[in-house]
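Throughout, read-outs are computed from the coordinates displayed, never taken from laboratory work. Nothing here was measured: the structure is a model prediction, and the numbers come from that model.
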Amino acid sequence: MPDLKPNVYEHEPPRRPPRLARRLTPPPEHPSPPSLKVFAWVGLALGIVVIVLGLPYLVAYFMALAGL
């Protein structure tokens with residue numbers, strides 16, 4: 001059996017390509033993400049409207065299936 005070599009890997013920090021300019025100022029602060037509460041309320045309202053409008057059709061469908 002051949003002798004096992006010790007792990008010779010050593011971490012090196014990434015090297016910056018020389019063609020890129022160095023940033024001398026800190027990056028700009030990004031704005032906070034928008035609040036999605038409005039979209040959640042609109043979605044909930046649309047869901048309620050769909051249920052309210054579809055309920056009579058479901059009742060009529062089940063009554064037709066039952067033969068009433």
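Of (1) 13.9; (2) 20.6; (3) 13.0, which is the value of Kirkwood radius over Cα pairs in Å derived from the coordinates here? Calculated Kirkwood radius over Cα pairs in Å: the matching label is (2). To test your reading of the geometry: what angle, between 0 and 90 degrees and rounded to tens, separates the Cα axis of helix 37-66 from the longest principal axis of the chain? Taking the Cα atoms of the chain, the angle to 37-66 is about 40 degrees.
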